[in-house]
Every structure is written in C-alpha cells, then in structure tokens.
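Q: This is the structure I have questions about; it appears just below.
Every number in this text was worked out from the coordinates using simple rules, so none of it is lab data. Keep in mind that this is a model prediction, so the values were computed, not measured. Virtual Cβ from ideal backbone geometry, glycine too; neighbours counted across all protein chains shown.
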Amino acid sequence: MLYFSKLKLFTIYFIIIFLSLFSFANLINNDDNFLLSKKVNLGLDLQGGSYLLLEVDSNPAIKEKLQNKIISLRKILKDKNIKFKSLKLENNLIFIKILKSDTENFYNYFHDKENLINPYFNNYGSYEMDYSISENESDNLIKIKYSKFGIIEIKKTILEDSLEIVRRRVDEVGTKEPTILRRGNDRILIELPGLDDPNRIKNLLGKTANMTFKLVSDTENLFGSEILSYENSDDKINVSKRVIVSGENLINAQPRFDNQTNQAIVSFTFDRAGAKKFARATSSNVGKRLAIVLDNKIISAPVIREPILGGDGQISGDFTFQSATDLALLLRSGALPAPLNIIEERTVGPDLGEDSIKAGAISLLIGFLLVIIYMFYKYKLFGIIADLSLIVNLILLIGILTILEATLTLPGIAGIILTVGMAVDANVLIFERIREEMKIEKSNIHAFDSGYKKAQSAILDANITTLISAIILFFLGSGPVKGFAVTLGVGIITTLFCAYFFARHLTAVYVMKNKENHINL
Amino acid sequence: MIFKINKNIKFSNFYKKFNILSLILILFSIFILFFKGLNLGVDFKGGTLIELRTENLGPNIAEIRQSFLRMNLGDVSVKKFGKKNDYIVKIELIKNDDDNFIKSINDKLSNDLGSVVNFRRVENVGPKVSNELMKDGLLAISISLAAMLFYIWIRFEWQFSLGAIIALIHDVIITVGIFSLLSYEINLSIVAAVLTIVGYSMNDTVVIFDRVRENLKKYSKIPTIEISDLSINQTLSRTLITSITTLLALFSIYLFGGAILKGFSFAMIMGVIIGTYSSIFIATPVLNYMGVTQKTISKEEDKIIEN
C-alpha cells in the first residue's frame, strides 16, 4: 500500500493539477478560453431571482375542441345519411341519439382508420376518441369522449405550444439567461435569475391574450351576441359573437404615442388575409362600433369612421405606456392555447442572495479552520497530511463542480462544509488503524501497510452509504436541495480519492524516509 | 489530551439502561408527534412565506401583525428572523388566481407602516405542489432507508441489517420528535438534513459493524458480547474524532451560516449526536439480541467454499 509506480503517481498528480485549473478558473474572468470559461453557476437563492412553476389548464381547450368536433360530426353524419335525434355536449361528453338501424353504420365509420373525425394513433395503438352505447327502445344513446391517449396527445400539443409562447413572452421582456423547461405532462418551469420582482412576468403569463375584433350589436340576440364587460370598468356592452379578425392574423404590434391626444396606444399590422377581412368588415359597417376584445374583456369599442383598407390600425384604451408596451408584447407573441396557473413561486431578492453568499463563505472558512486546527492538534505531523489532503479535496470538489457546471445553492455550500467535517473521517479511520497496528507490528512499513489495508472495507462501506443518500436526494429533491445532493455526492468521491491516493502518497514518502526511526502518530 | 479515553469501557453493561432510555424517547417523540404535530412550512402545507425587511427601524412586530390583520388574509404568523428589522411572515391563504397578490400586500404594508418594505424572499406554494413535495420527501426518506437496509444485507448478514435499520429509524423518529417539541419548522432542507443524518448514522454504524465482523473471524472463543465491547472500544476514538470534526463544521454553519440554514444545521447537529449514540447503544446491542456469533459469520464463508 505504500508503493506507487511512476505511472500511478503521474496520473494522481495530473488529475489534481487538471482539476485545480478548473477550480481556480472560477476566480478569474476568462470567457474567451473555451475550456476554462466554465464556471460554477450560482443558484437562484444565491444570486437572487425568481422561480415559477406553471400548470397548463387544458380543460377549456378540450371543451373547445369538443365543440369543434360536434360541428364536424354534424356535417359528417349528414353526408353519410346517418339520422340522429339529438347531438349535444355535456361535461366533456358528446351525446348522440341514433336510430338502432344506423348504429352499425356509425360504428363502421368511427372505426375506419381513414375516418376524418376520429384519428388513429399508431404509436399508441388507440383512437383519439372512445365511445359507449346504451340501448334504448327505438334508438341508441352514444356517449363519445376523448380516449386516454387522445387527452395525452391534446395535452402534449397544448404544452408544446404554450412553451413556445411563454418563451417568446419571457424573451421579449429581456431578462438575462432565463431557463424555461417543460415538467411532466402539463407544467412549465421558469427560472429568471436576477429578477427580484416577477410581477410583470406573472401578469404577462397570466393572460392567454386571445384578441378578437367583433362588431358591437344593437339588438340583443341571444344566439348571435353576448354581453361583455370592459377591462378597466364595470360598463358592459352587447357584442356580436361573430369574429371579424383575430389576433392570429397580426404580424406586428408596437406601443406608440398618439400625436394628437398624447395618449399611449398600440399600433398593429395585419397579415394579408387579416387585412382583407378587416377591410371588408370596416367598409360595410361604417358608423358602427367595433369592439376590440382581449380574453373576453373589451379593451375599447371605437366607432368605424371610414373603411380601413391598408391592414394597419391602432388600439386606444386607458393605457399607460407600460401597459401599452405589455399589450403589444402579448399580441406579438401570440395567444396561449390554454390558461396558465402559477402553482409555485419562489423569489429571492439580490441583497438576500449576497448576504447568503457572505454567510456561506464565512461559515465555510470558520468550519474549515476549526477542523484543520483540530486535526493538527490530534495527529501533529499526520494532522498536517490530513489537512493538506483536505485542502486538495476542496479544490478538487470545486474543480469537478466547475466541469459539471453545477449550480451552487445555499444548501450546496452547507454540503461543502459538511464534506469538510466528514472528509477527515477516511484519514482518521486509517490513522487510528495504523496506531493499532503499530502496537503489534515492529516494522513501520508493515504497520502502515496493514493499517491502510484493514481500514479499506470500513471506509468504503461508510462512504457508499452516504453516497446512497446523496443519490436518492439528487433524484427526489428539488431546486436548492438538489444542489446539496450534488456537492455531498461529489465530495464523497473526492474524499476517497484524496485519502487513498494523495494523503497515502504523502504518508508513504514520510514512512519510507523514516523506516527505522520511531514514528509518532 | 483533554480527556483520556479509557479503552476498556464495558459498553454492554449500559445496553439495557440506554435501550430503555431510547424506548422512552421514541415513545415520547411519537406521543408529541401525535398530539402536537409538526410545524410544517409552506413547502409542505402550501401558502405564502414572505421574508421582509423594513427600511426604518421604527415599526415593531405588533404593527406588522396589525397591518396583516387588516388585510383579512386568514391565519397569518409574523416572526422575527435573523437581523433586527427582518421578519418572516407566513400566510396560510393560497391565492393563485390573483397575480398581483404579493404586490398588493407590499403596497398595503408600506402604507400602514410608513416605511419602505423590502420583500427579500417570497415563496408561494400551491396545494397541489405542497402535496407532491410532501409525498416526494417521505418517498425519499423511505427509499433511502430501504436502500441502506439492502446494502448492509448484501455486505453483512441480515442481523446486521436489522440492527442498522432499527438504529436509523430510532434516529429519524427522535430528530423529528425534537422538531415537534420545539415547534421548529419542517421544510425541504430539513428533509435533506434527515437524509444526510441517515447517511451519517449509517456511516458510523458500518464502521463498528465492520470491526465486529473482523473480530468475530479473528477470535473464535470470545463471546459475542465481549466482541462487541472490544469492537466499540477499538473504533471509539475514530467515532469521537469524526463526530467532533463534523460537529465543528455544523456548528460553524449553525452560528455563521445565516438564518436560512439554522433549521438545517440544527437538525444535522441533533442527528450526528443521536446517530453516534445509536451506533453504539442501539445498532450493536441488536446484534447480541439477534444471537450473532462466530457461526453467523462462518456460515457466510461456508457458502463461498461450497460454491
């Protein structure tokens, strides 16, 4: 155990020097060098920032899709000459009453792989819709709903689309290095470093931003119109349900100041199709009012004074420049396919982050010094070896964290400090064992050799158990706790390396020089 | 040397007394947990946590409480936290539909106190997420206990595995009991602490077990009870030194690491002390109660020879 081949020594010190480079690269700004530009990232709890977890509420979208299904179903049933008595939507179920004689016909169409209404997913081996039949006297009642995989497929599409829109909105706000990730089937995780007030982002993400242009209707017509209230007041007006143009047709939107009133407005541009529709509607409705509706709230309802043919327009409302900017941003980035709910939010201000870094650094330094002094007091010369090993251990730990570009969190710093406390354990086990062996063995070399050998299994078992804890914590922990698991886990590996290679080599050098002398351990 | 370690302590003489003590502590912990429950943080209960700092030193805790009372937010607790004008506020009410919830609280509070209020940290956890975090936390602790059990069973014999796991459960229950007794908050970092305690306590136990196994192979005539005494004594100075260095590091976090790490380091300190104690007085006696002898170990060797 005391002999090291040249190749082994070279490898050991090469690893140490290699990792130290990465470790010290954190101290200097070296963004040009692609290898040494790696850095340990600071977690949100240390640099300040916001963490948001959003859940997509896909129910409204599912309901809307079912409504569209009914429309196409009605058409198909007519085309196929299948007679049905009633067709309605209730609790996300489509109910159809069909004559008994037509049921088979319906069934055949519904399960034809080429049918237009119920697509077949080859990858799942399932249709989009499921149905059940309850028999009556003369007709059958058929209940149709989305199958398990149909729902999964819808949620997947909604989540992907939402992710894209969220990304656009967050990017437009211009925070530095945002992280936007999907989580599971219906969640989006957003990390916004450096942002101490997430209110604006929350407001932007809280709107689906479905914009439509509709005519204000004079007569109250239960089927063709609905009563909507204003965004900024309790006033209500009657608006036609027919959509003239929607936000999908927008290609640009910008905040501006109105030259005459000096009020903030949003100017927009339609694409060609949108411009055409808009021109037609405004031409034939001069003198009527046009309602601009966002998420079922009226922003404004100006009178159409003249036909708008060029596809450009502007929205005036009760805007401040900020709210005009936000509305323009929402219109540019497009509508969310489903509303998003914030189900978890964690925000740390930058000054608290700074305080935490300071506190973490001070406690690390003090803990480190205390352990170093105690080890020297306990083992004198060998204490110094253990202390050197501890210092190298820390440098290696930081080096590996740098290569992994790991995120350092406050619990992560606690993990490093804890590693400092526990890292000496391997050397303690070895030294204590050598002490015992020295009572039996006469030769120093034999005593040290068997000390190392016999301590091995205890050290391995003891560290593997802690490693198991760290791994489990890594997979099941979230956020800052994950950071703790990473430092603890990596710390164990560097600890074993330092005790078994670095400290052992230093010990070996000393013992070889003092083969015959009395060694005081 | 400040204290000289007598290398021939008859630990086995104290097994019964300490086992009874541990049993009382466990029952007491369960009793407290049952009647007093745990002070669950927003991570596990849902709700809103705000760490705030008032710019002026003027407002006192009663004024802050008053202000929150006027906002009609249901159960609100206000506590001092760290520095003089830092407070931690916990609101049980969960409001997901109002994106301006936090901002409106800040406006009202600044207005009432006549001071700029700086929200240094805001945590808002919905009921669905808090339930999931709770489930994940319990799952993590259970899995790690099971993984330890399995590892020791592979490396040693089932009796060792049993001893280790009883010691671990003992540590976890008493640590959680202390948290319940002192009404300290349980949050995500406490779960991390408990898991680390599990790892540490295991670490300690394994070192003693390793020596017991070695001595059982070495001394074929000595009764197990003496072997366990011998093994504990042989590893005692290591046990103490490692506990001391770990505690030095932990006390450093506890005293200088800031208010956020207080609960975490406190749990760890308790855990290390209890874990060290349980390795000696719980895990090792179980080996004796389970009738571990030289035969238990040699059976293992026989199997290898047979194959």
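Q: As a test, work out the antiparallel percent of DSSP beta bridges whose residues both lie in the stretch A:211-313, rounded to the nearest 5.
A: 95 percent
Q: Another question, if that's okay. Once you have a ≥ b ≥ c as the square roots of the Cα gyration tensor eigenvalues for the stretch A:211-313, tell me rounded if a/c is under 1.5, and otherwise prolate or oblate according to whether a/b is larger than b/c.
A: Note, shape of the stretch A:211-313 comes out oblate.
Q: What is the Rg over Rh value, at two decimals, for chain B, using alpha-carbon atoms and the Kirkwood definition of Rh?
A: 1.11
Q: Which of A:Thr487, A:Gly477, A:Ala455 sits closest to the plus end of the dipole of the stretch A:402-521, meaning its Cα is farthest towards the positive end, when Lys and Arg get +1 and Asp and Glu get -1 on the C-beta?
A: Selected residue: A:Ala455.
Q: Once amide H atoms are placed 1.01 Å from N in the peptide plane, what residues at a sequence separation of 5 or more from A:Glu344, or on another chain, have their amide H within under 5 Å of its amide H?
A: A:Leu53, B:Gly126
Q: Then there is this: Along the Cα-to-C-beta direction of A:Ala273, a point sits 7 Å from the Cα; which residues of the stretch A:321-347 have their amide N less than 20 Å from that point?
A: Residues A:331-338 fall inside that zone.
Q: Counting only other residues whose beta carbon sits under 15 Å from that of B:Phe264, what net charge do I get with K and R as +1, D and E as -1?
A: Cβ neighbours under 15 Å give a net charge of -1.
Q: Here is a further query. Of all DSSP beta bridges in chain B, what percent run antiparallel (nearest 5)?
A: Within chain B, antiparallel bridges account for around 90 percent of the total.
Q: Sticking with this one: Tally Lys and Arg at +1 and Asp and Glu at -1 over the other residues with C-beta under 13 Å from the C-beta of A:Glu137: what net charge comes out?
A: Neighbourhood net charge equals +1.
Q: Where the only charges are on Cβ atoms (+1 Lys, Arg; -1 Asp, Glu), what is the dipole of the stretch A:152-236 about its Cα centre, to the nearest 20 debye?
A: So the magnitude is around 420 debye.
Q: A further question follows. Would you work out if the protein assembly as shown is rounded, prolate or oblate? Take a ≥ b ≥ c from the square roots of the eigenvalues of the alpha-carbon gyration tensor; rounded if a/c is under 1.5, else prolate when a/b is larger than b/c, oblate otherwise.
A: Because a/c hits 1.5 or more and a/b exceeds b/c, the protein assembly as shown counts as prolate.
Q: Between the stretch B:110-124 and the stretch A:100-149, what's the alpha-carbon centroid distance in Å?
A: That distance is 58 Å.
Q: Given a Förster distance of 51 Å, report the FRET efficiency between B:Asn131 and B:Ser220 from their Cβ-Cβ distance, rounded to the nearest 0.05.
A: 0.35
Q: Another question, then. Which order do B:Ile269, A:Ile430, A:Ile459 fall in if you start with the one that has the fewest other Cβ atoms within 10 Å?
A: B:Ile269, A:Ile459, A:Ile430
Q: Label the stretch A:146-255 by shape, choosing from rounded, prolate and oblate, from the square roots a ≥ b ≥ c of the eigenvalues of the Cα gyration tensor; if a/c is under 1.5 it is rounded, and otherwise prolate applies when a/b is larger than b/c, oblate when it is not.
A: Oblate, because a/c is 1.5 or more while a/b does not exceed b/c.
Q: Another question, then. Rounded to whole Å, give me the distance from the Cα center of the stretch B:204-270 to that of the stretch A:425-450.
A: First find each Cα centre; the distance between them is then 19 Å.
Q: While we're here: Calculate the spin-label point distance for A:Gln314 paired with A:Ile391, positioning each point 7 Å from the Cα along the beta-carbon direction, and give it in nanometres.
A: My value for the distance between the label points is 7.0 nm.
Q: At 7 Å along Cα-to-Cβ for each site, give me the label-to-label distance between A:Ile151 and B:Asn100 in nm.
A: Going by the 7 Å Cα→Cβ label model, 3.6 nm.
Q: 7 Å from Cα along Cα→Cβ at both A:Thr261 and A:Lys83: what's the point-to-point distance in nm?
A: 5.9 nm
Q: Summing -39500 (n - 2.57) over the DSSP H runs of n ≥ 4 in chain A and dividing by its residue number, what mean residue ellipticity at 222 nm do you reach, to the nearest 500 deg cm²/dmol?
A: -17500 deg cm²/dmol
Q: If you put +1 on each Lys and Arg Cβ and -1 on each Asp and Glu Cβ, how big is the dipole of the stretch B:47-125 around its Cα centre, in Debye rounded to 20?
A: 380 debye
Q: Shifting gears a bit: What FRET efficiency comes out for A:Asn68 versus B:Asn19 if R0 is 56 angstrom and r is the Cβ-Cβ distance? Round to the nearest 0.05.
A: After rounding, the FRET efficiency stands at 0.20.
Q: Given R₀ = 25 Å, what would the calculated FRET efficiency be for B:Ser183 paired with B:Lys108, taking r from the Cβ atoms and rounding to 0.05?
A: 0.30
Q: Okay, next question. Expressed as a whole number of Å, what is the distance separating the alpha-carbon centroids of the stretch A:181-201 and the stretch A:273-351?
A: 25 Å
Q: Dipole size in debye (nearest 20) for the protein assembly as shown around its Cα centre, Lys and Arg Cβ +1, Asp and Glu Cβ -1?
A: Charge dipole, the protein assembly as shown, about its Cα centre: 1340 debye, nearest 20.
Q: Put +1 on the Cβ of every Lys and Arg and -1 on every Asp and Glu Cβ in the protein assembly as shown; which of B:Ser115, B:Val207, A:Leu93 then has its Cα farthest towards the positive end of the dipole?
A: Result: B:Val207, furthest along the dipole toward the positive end.
Q: What is the local net charge at A:Lys236, summed over the other residues whose Cβ is closer than 11 Å to its Cβ (Lys, Arg +1; Asp, Glu -1)?
A: Within the 11 Å Cβ shell, the charges total -2.
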